[in-house]
Amino acid sequence: MTDADNIDAKSILEDVLQGNAQPEEIDRDAVLDDLREVAEELGKSPTTREYNNHNSVYTVKYIQRLFGSWNAAKEEAGLEINKRGAGTTVDINESYFESIDSAEKAYWLGTVIGTSTMSRNESGGLVLQVNRSMDEAYFVYGFTDAINSGHAIATFPQEDMQDRISVAITNSTFNEHLADAGYTEDHDDGGLFPSIPVEFRTAFIRGYLESSGYFSTGGWRINTENPDRAQQLQSWLEELGVKRPTVGSHDGVERVVNVANTFDIKTMFEACWPNQVETDPSFTPYVQDILAYLSEEYPYTEDVEYLS
């Protein structure tokens with residue numbers, strides 16, 4: 001690829017992963033050629049981690065969106081797929097959640113606790129299901145990329161509704177670490193949020209808010225699974241400097257944490273998204289909604305650099 005092609009491809013990739021473009025805009029054959037080139041340089045069929053570490057213009061999460069799964073792309077490229085017995089070994093960073101020692105891990109833990117399910121299959125193994133609407137495909141692709149997962153990503157057409165996108169993580173070691181990190185099968189009744197190191201707590205809150213915190217012109221309305229979590233989240237927000245978070249109910253749903261005061265919204269935004277739209281990882285459309293609100297409602301926009 002030329003430098004100009006690289007810039008165009010990266011721009012399209014960002015749009016694809018944030019839900020603003022379709023993967024068909026990049027040539028499938030060019031992706032397959034790149035896979036083969038990486039394999040040739042490595043002398044073997046690459047794992048997801050090896051491919052992402054190769055600094056290609058493409059990423060595993062993009063390839064998964066284009067071909068449906070990492071293994072499907074490798075198969076189409078004519079590359080070997082790792083096998084164990086009659087089954088297939090799917091690439092994944094099994095130890096990702098073994099310890100929450102980075103803001104990235106805290107963020108993704110917040111997103112899966114916010115919106116996903118954990119259950120057991122027929123053989124008793126844990127299965128994590130991450131299911132989103134297509135306009136939130138970022139949470140599926142971004143998550144699978146972070147954990148170097150080669151699990152198949154599926155889309156499901158919906159009549160009179162937006163299509164859904166889903167991935168099922170079946171690696172037992174990965175899911176056991178996730179459970180140890182605080183995600184339980186019955187997390188609807190799962191007590192408090194997991195213990196998160198203080199320095200990574202805002203990243204966890206950011207992930208949780210982007211997953212399950214409804215933001216509108218009235219501020220945040222954040223549903224939690226039980227009263228203990230509602231009180232815990234209220235306390236965490238107060239520690240960030242938010243003065244008026246309340247716990248109440250909405251539309252018959254109890255355990256709703258509300259942040260409606262404009263000054264509190266600004267305080268919370270600056271704590272959880274320290275670099276505004278450049279905060280990483282983060283779902284850009286969510287950040288843009290908060291910025292649009294503050295630009296309209298905050299009374300002293302001329303005093304705030306990112307608003308003025």
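A short reminder: the numbers here are calculations on the coordinates, not readings from a lab. Quantities reported herein were computed from a predicted structural model and do not represent experimental measurements. Backbone-built Cβ (ideal geometry, glycine too); neighbour counts: all protein chains shown.
A few remarks follow.
- D29-E159 pseudo-label distance in nm [points 7 Å out on the Cα-to-Cβ vector]: 4.0 nm
- The string of couplings for the range 205-222 from the Karplus curve (6.51, -1.76, 1.60, θ = phi - 60°) is 4, 4, x, 5, 5, 5, 7, 9, x, 6, 10, 8, 5, x, x, 8, 10, 10 Hz, one whole number per residue in order, with x for Gly and Pro.
- In Hz, Karplus ³J(HN,Hα) per residue of the range 44-52 (6.51, -1.76, 1.60; θ = phi - 60°; x = Gly, Pro): 6, 5, x, 7, 4, 5, 5, 5, 5
- Lysine pairs within the chain, Cα separation less than 16 Å, 8 or more sequence positions apart or different chains: 6
- Each of L240, V38, S119 was scored by the projection of its Cα onto the charge dipole of the chain, and the greatest displacement toward the positive side belongs to S119; charges sit on the C-beta of Lys, Arg, Asp and Glu.
- Order of D289, D91, D303 - criterion: other Cβ atoms within 10 Å of each residue's Cβ, fewest first: D303, D289, D91
- The long axis of helix 28-42 is offset from the longest Cα principal axis of the chain by roughly 70 degrees.
- D (Stokes-Einstein, µm²/s), Kirkwood Cα radius, the chain, 0.692 mPa s at 37 °C: 158 µm²/s
- Helix-only CD estimate at 222 nm, as mean residue ellipticity for the chain, using -39500 (n - 2.57) per DSSP H run (n ≥ 4): -12500 deg cm²/dmol
- For R255, the residues 5 or more places off, or on other chains, whose built amide H falls under 5 Å of its own are G248.
- Stretch gain in nm, segment E297-L192, where the contour uses 0.36 nm per residue and the Cα spacing is subtracted: 34.5 nm
- Per-residue 3J(HN,Hα) values for the range 278-285, derived from phi via the Karplus relation 6.51 cos²θ - 1.76 cosθ + 1.60 with θ = phi - 60°, read 8, 4, 9, x, 5, 8, 3, x Hz in sequence order (x marks Gly and Pro).
- Inter-part distance, the range 255-308 to the range 170-184, computed on C-alpha centroids, equals 33 Å.
- Classification of the range 213-295 by its C-alpha gyration tensor yields a prolate form. The axis ratio a/c (a ≥ b ≥ c) is 1.5 or more, and a/b outweighs b/c.
- Checking every one of the GluC sites (Glu not before Pro) in the range 125-191 against DSSP loop status and a limit of 12 other Cβ atoms within 10 Å picks out E159.
- The chain: most fluctuating residue of S123, S99, S166 per GNM, C-alpha cutoff 10 Å: S123
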